[in-house]
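Worksheet: the structure to be examined is printed underneath.
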Amino acid sequence: MFQTWRLKVREAEEALKAGRLNEAHQRLVRDDLLQFLPGKRLAARIASQLAERAQRNAYDADLNAGWRDLAAASEVAGETPELLAARRALAESSMSQAESLLATGDIAGAIAKLEELKHGNHGLPKVETLLQIGKRLQSADHLSRRGKFADAEAQLSAAVALQPTLHCLEVKRALCREKLTKSRELTAELHRAISSSLWTDALSLADELLELAPESQLARDARRRAWAKVGTRLADSYQPKQTQEWVPSRYARQDHPVAAGPRFVLWVDGVGGYLVCLADEVVIGQSVDGNGVDIPILGDLSRRHARIRREGEGYVLEPLHAVRVAGKSIQTKTILNDGDEIELGEGIRLRFRRPHTLSGSARLDFISRHRTQPWADGVLLMAESCVLGPRWQNHVVCRDWSGDVVLYRQDDELYCRAMDSIEIDGALCDGRGRLDVNSHVVGSDFSMSLEELDKCSTQPLL
């Protein structure tokens, strides 16, 4: 009687002859034909053709398909000389692709590919060299963003020494030197402007420096101080224009301002500063002495211009003066949706965000060049929690952090939680601890501070 396994081997052979290589491999493995001698002979032929196809994929730079073919060939035939040759060709092609990624600036992608090659143990000593170059480029990029161009140039010089023939490294080093020269000139001018109390010039110079180094602490502090000085002058000289209140009885009288709700400023090192409002309802208005609004903005708007209230799982915007949402004027309470653009008065534009689906907190980002007083990059309307970390959906995106850090409220107190141990005001905590109004929190790769709002408003920040 004809054995069933012989029929299955014949079907796999027919698939191979017809060019259906993947099907032949699947039949061989699925039907457990390697235990029979005809199956083993067929496996050698299939593995040989898979190795040839892997080589072609290497030349065509279709690396994922090539590695899949090699894995399939190894499964049925082990490590044959043909497979070893194909594996080396794929590894060399992957290394060339990593070099191209380095040249085009995709440093993270290059490092990921090189790490795979390193762990694959393909016997290519150049992989380790390229990996070191990638990490030095990554370090130089981080240093440059902080304005530390001299240190960044040192990292790039070390990368050039590792492989002088990689032209992109010399180009990056030359560009870094140009930025170093420019940043030194801007820094000197910035210090002169501050020492001479030329705050408008200081603001412009700080913005120029931030274009070169977006995370420069010097520039950020200078811009905060300049905004505070410029804003104070504007508030002293500016007389709010007369506007008509639609229904005065519904709103608080402006000659009896309501005190602002509980707030603090959150400074995240290397990221920025955020005005955090804890109340369910906040009022947005002009930054003038004694106004008492929750979100005081340096700009041409009314003393009490709009109100935002957290209701259940959503947020409602109530206009007190001219307000537009998504380009349309509103005169009644309006539900805010994630991504809505809010325009207050003439030209003060903010973006409303609800980035984290598991938190009721929201964020207001400035689209226009206006800022709050005291100066902040954005406003956090904090409900039960606020999530900081590297993911795009976090309330504060901190790209260089390895994991999330959560601020949360419990029993009318504020806490911080992280995956690893953290230090709060000099005391080591096992991933969780209570915060005070001026706490300083340090983790393995981050640091941030809370500042009492009155203190932020009255003391110089540079």
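Does the stretch 308-396 come out rounded, prolate or oblate, given a ≥ b ≥ c as the square roots of the eigenvalues of its C-alpha gyration tensor, rounded meaning a/c under 1.5 and, failing that, prolate meaning a/b above b/c? It is oblate, given that a/c is not under 1.5 and a/b is not larger than b/c. With R₀ fixed at 41 Å, the C-beta to C-beta distance from residue 182 to residue 419 puts the FRET efficiency at about 0.55. Going from the fewest other Cβ atoms within 10 Å to the most, the residues 382, 419 appear in the order 419, 382.
Seen from every direction in turn and averaged, the convex hull around the alpha carbons of the stretch 367-462 projects onto 7.4 nm². Pairs of Cα atoms nearer than 8 Å and 6+ residues apart set the relative contact order; for the chain it is 8 percent. Our analysis of the stretch 150-233 gives Rg over Rh at 1.16, with the two radii drawn from alpha carbon positions and Rh computed by the Kirkwood formula. Please compute the Kirkwood hydrodynamic radius of the chain from all pairs of different C-alpha atoms, in Å with one decimal. Taking every pair of different Cα atoms in the chain, averaging 1/r and inverting gives 26.9 Å. Distance between the modelled labels on residue 428 and residue 357, one decimal in nanometres: 3.9 nm (7 Å Cα→Cβ projection).
Using the Karplus relation 6.51 cos²θ - 1.76 cosθ + 1.60 with θ = phi - 60°, the per-residue 3J(HN,Hα) values for the stretch 421-431 come to 5, 10, 10, 10, 6, x, 9, 6, 10, 7, x Hz, with x marking Gly and Pro. Each peptide in 218-224, 167-173 was scored by the mean count of other Cβ atoms within 10 Å over its residues; highest first, the order is 218-224, 167-173.
Our estimate of slack between residue 196 and residue 330, defined as 0.36 nm per intervening residue step minus the Cα-Cα distance, is 43.8 nm.
Over the stretch 249-458, the Kirkwood radius and the radius of gyration, each from Cα atoms, give a ratio Rg/Rh of 0.97. What the Cβ-Cβ distance of residue 88 and residue 115 gives, at R0 = 22 Å and to the nearest 0.05, is a FRET efficiency of 0.75. A cut-off of 5 Å between modelled amide H atoms, ignoring neighbours fewer than 5 places along the same chain, links residue 377 with 273, 274, 275. At an R0 of 30 angstrom, the distance between the Cβ atoms of residue 158 and residue 208 translates into a FRET efficiency of 0.55.
Charges on Cβ only, +1 for Lys and Arg, -1 for Asp and Glu, centred on the Cα centroid of the stretch 249-458; of 395, 429, 287, which one is farthest towards the dipole's positive end? Comparing the listed Cα positions along the dipole, 287 ranks first.
Here the 3J(HN,Hα) profile of the stretch 327-334, calculated from phi with Karplus coefficients 6.51, -1.76 and 1.60 at θ = phi - 60°, is x, 10, 5, 10, 10, 9, 4, 9 Hz, Gly and Pro shown as x.
Can you list the residues of the stretch 267-297 with backbone N under 17 Å from a point 7 Å past the Cα of residue 452, pointing along Cα to Cβ? Only 267, 276 pass the distance filter. Of the peptides 327-339, 291-303, 436-448, the order by per-residue mean of other Cβ atoms within 10 Å, starting with the highest, comes out as 291-303, 436-448, 327-339. Based on Cα contacts under 8 Å between residues 6+ apart, the stretch 249-458 shows a relative contact order of 16 percent.
Sum up the charges of everything whose Cβ sits under 12 Å from the Cβ of residue 355, counting Lys and Arg as +1 and Asp and Glu as -1, but leave residue 355 out. Its environment carries a net charge of +3.
Each residue of the stretch 23-35 was assigned a 3J(HN,Hα) from its phi angle through the Karplus expression (A = 6.51, B = -1.76, C = 1.60, θ = phi - 60°), giving 5, 4, 5, 4, 5, 4, 7, 4, 8, 6, 8, 6, 7 Hz with x at Gly and Pro.
Seen from residue 422, the other residues with C-beta closer than 13 Å to its C-beta sum to a net charge of -3, counting Lys and Arg as +1 and Asp and Glu as -1. Taking the alpha-carbon distance from residue 113 and a cut-off under 19 Å, which lysines remain once sequence neighbours fewer than 8 residues away in the same chain are dropped? Within reach: 126, 135.
Throughout, read-outs are computed from the coordinates displayed, never taken from laboratory work. Being a predicted model, the structure only gives us computed values, none of them experimental. For neighbour counting, all protein chains shown are included, and Cβ atoms are generated from backbone atoms with ideal geometry for every residue, glycine included.
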